[in-house]
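I have placed the structure first, in the form of structure tokens, so that the comments after it can refer back to it.
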Amino acid sequence: MEISAKDIKKEFIREAAGTNVYTAVNTCSMELKPGSLTVLKGRSGGGKTTLMNMLAGILKPTEGQILYDGRDIYSMNDDELSEFRNKKTGYVPQGKSAVASLTVRENILLPCMLFGENAEDKADDLIKRFDIENIKNAYPEELSGGELRRMSIARALIREPEILFADEPTGDLDDENTELVFKLLKEQAKMGKTVFVVTHEDTAEEYADKVYLMRGGKLEG
Ligand SMILES: Nc1ncnc2c1ncn2[C@@H]1O[C@H](COP(=O)(O)OP(=O)(O)OP(=O)(O)O)[C@@H](O)[C@H]1O
Ligand SMILES: [Mg+2]
């Protein structure tokens with residue numbers, strides 16, 4: 001599925017700082033293609049997560065449109081958009097997102113449990129591919145940063161979405177685990193998925209088909 005952002009803008013009202021309107025994303029356009037890995041880089045506070053959330057269908061732009069194969073996703077009503085997102089997209093949020101009371105395997109299976117789907121085999125396959133078999137019955141607090149990341153990517157993939165969004169999926173990882181995560185993301189792109197990754201890593205450029213840089217809410221390059 002091809003995603004196209006057309007002149008999108010996001011303004012926030014910062015109550016605490018008075019009633020100032022703060023423009024987090026300022027008139028950005030970009031294209032995400034199936035079968036390719038697109039990377040978004042930039043300084044902290046530059047608007048990367050805000051832009052990704054608009055692309056992912058979870059934050060409505062103040063202005064502009066997000067088109068999925070030509071269809072404006074924010075013209076759908078809430079229920080339609082939720083269903084569309086659940087079917088089409090996988091999302092790896094910035095920071096920690098594991099459910100502490102569930103094992104690694106249960107965390108990965110969680111999206112399917114919510115939809116009453118049986119995905120035991122798929123979970124075991126992902127667990128093998130992501131090399132977390134030895135810890136599949138462990139709880140998140142017992143895991144390393146790299147293992148937690150691999151778990152959240154596996155969870156984002158369990159319902160086989162066409163599109164994958166990942167926000168700094170290697171934020172707290174060493175070089176070896178960073179390479180491993182990018183290899184897994186690249187593999188998804190090669191399988192035909194549309195993959196979008198926000199990252200600070202320079203190594204990301206080796207894997208990226210397209211790199212965007214964001215500064216102060218504006219896209220460059
Ligand atoms: N809900 C909100 N209300 C007000 N301001 C917000 C809100 N969400 C984000 N912002 C502001 O928008 C700007 C961009 O935030 P964003 O999270 O998109 O940055 P980022 O590039 O992802 O940063 P980081 O690399 O630290 O994750 C920040 O200055 C932030 O304070
Ligand atoms: Mg962010």
Report task. Please go through region 20-53 and pick out each residue that is out of contact with any Phe, Trp or Tyr (no Cβ under 7 Å at 6 or more places or on another chain) and of a type in the set (S, T, N, Q). Result -> N20, T23, N26, T27, S29, S36, S44, T49, T50, N53
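Among the residues of region 116-134, which ones are of a type in the set (S, T, N, Q) and either assigned to a helix (DSSP H, G or I) or crowded, with 18+ Cβ neighbours inside 10 Å (or both)? Even if it seems obvious, please write down each step before you answer.
Taking region 116-134 as the starting set, the residues that turn out to be of a type in the set (S, T, N, Q) are 118, 134.
The answer is N134, and nothing else.
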Query - Residue selected from region 48-69 under the condition open to solvent by 10 Å² or more (accessible area, probe 1.4 Å) and within 13 Å of ligand 2 (Cβ to nearest atom), by the criterion farthest from G216 (Cα to Cα) - result: L59
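Just for region 25-51: of the residues that are touching a residue at least 12 places away in the same chain (Cβ under 8 Å) and over 27 Å from K193 (Cβ atoms), which one is nearest to ligand 1 (Cβ to nearest atom)? Quick ask: steps written out before the conclusion?
Of all residues in region 25-51, those touching a residue at least 12 places away in the same chain (Cβ under 8 Å) come to 25-43, 46-51.
In the following step, the residues that additionally are over 27 Å from K193 (Cβ atoms) were identified as 26-27, 43.
Numbers: N26: 11, T27: 15, R43: 7 Å.
Among those residues, the one meeting the criterion is R43.
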**Report entry** Residue count for region 190-205, restricted to those that are surrounded by fewer than 19 Cβ atoms within 10 Å (Cβ to Cβ) and at pLDDT below 95
**Finding:** 4
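The values are calculated or read from the model by the stated rules, or taken from the named source; none is laboratory data. Model, not experiment: these values are computed from the prediction. Every residue, glycine among them, receives a Cβ derived from its backbone with ideal geometry; neighbour counts consider all protein chains shown. Remember, those area values only see protein heavy atoms, side chains included, never the ligands or the DNA or RNA. Shrake-Rupley method; radii C 1.70, N 1.55, O 1.52, S 1.80 Å.
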